[in-house]
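Here, each number is a calculation from the coordinates, and none is a lab measurement. Predicted model, so just to flag it, every value in this text is computed and none were measured. All Cβ positions, glycine included, derive from the backbone under ideal geometry; neighbour counts span all protein chains shown.
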Amino acid sequence: MTSPVAVAQRRGNVRRLVAQGLSNRAIGEELGISKDTVRRDREWLDLPLAERVAQRVAHTDEAVRQACAAAQSAADMRPAYVPTDAETARRWHEQLRAAAEQLVALADQFADHPALTPCATNGAPEAEPCATEAVAPC
């Protein structure tokens, strides 16, 4: 999967080359990507900012929902009752640990999200973030 930074850089390059009047095929050749990727990037760039943001939020919300559902499904397995061999159990343990580490790292990135910074009331920051609604656990 391409990182968000790489995608943003690629889209910036697409925007620059479009401004120079290059075709999708020429842009693709220049950047080493397919003309279809160029077309999708151009479509994305043509969307209003609010719509692009809404799409990103919806995509992220769905990914979080799926991660929560997968975690719940795995928890429902009750490992002590799953008949398996030691090698498979070890593999599952390692895979789940690795996935958990990735999820913790991702969750920590959201902890620093600008939306969670304290509010300013009359120039004085409050102790609590400006949450407008309660966050439901998975």
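To keep it simple, each residue is scored yes or no on (1) closer than 21 Å to T2 by Cβ; (2) over 17 Å from the mean Cα position of the chain (by Cα).
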position	(1), (2)
I33	yes, yes
T37	yes, yes
A50	no, yes
R56	yes, no
E62	yes, no
Q72	no, yes
D76	no, yes
Y81	no, yes
A100	no, no
**Q.** So E87, is it out of contact with any helix residue (DSSP H, G or I) (no Cβ under 8 Å at 6 or more places or on another chain) and either touching a residue at least 60 places away in the same chain (Cβ under 8 Å) or over 24 Å from P4 (Cα atoms) (or both)
**A.** yes
**Q.** Unique match (being part of a helix (DSSP H, G or I), more than 17 Å from V14 (Cβ to Cβ) and either among the acidic types (D, E) or in contact (Cβ under 8 Å) with a residue 12 or more places away in the chain (or both)) among A54, A75, A58, A67
**A.** A67
Q.
Cβ contacts < 8 Å: first residue closer than 13 Å to V64 by Cβ, restricted to segment 94-116; second residue surrounded by 10 or more Cβ atoms within 10 Å (Cβ to Cβ), any location; separation 6+ or different chain. Result?
A. L103/A67; L103/A71; F110/L116
Q. What are the residue pairs meeting all of these: first residue in segment 1-28, first residue touching a residue at least 24 places away in the same chain (Cβ under 8 Å), second residue acidic (D, E), Cβ atoms under 7 Å, and 6 or more apart or on different chains?
A. R10/D41; R11/D41; V14/D41
Q: Go through segment 14-37 residue by residue and tally those that are closer than 20 Å to V53 by Cα and crowded, with 16+ Cβ neighbours inside 10 Å.
A: 2
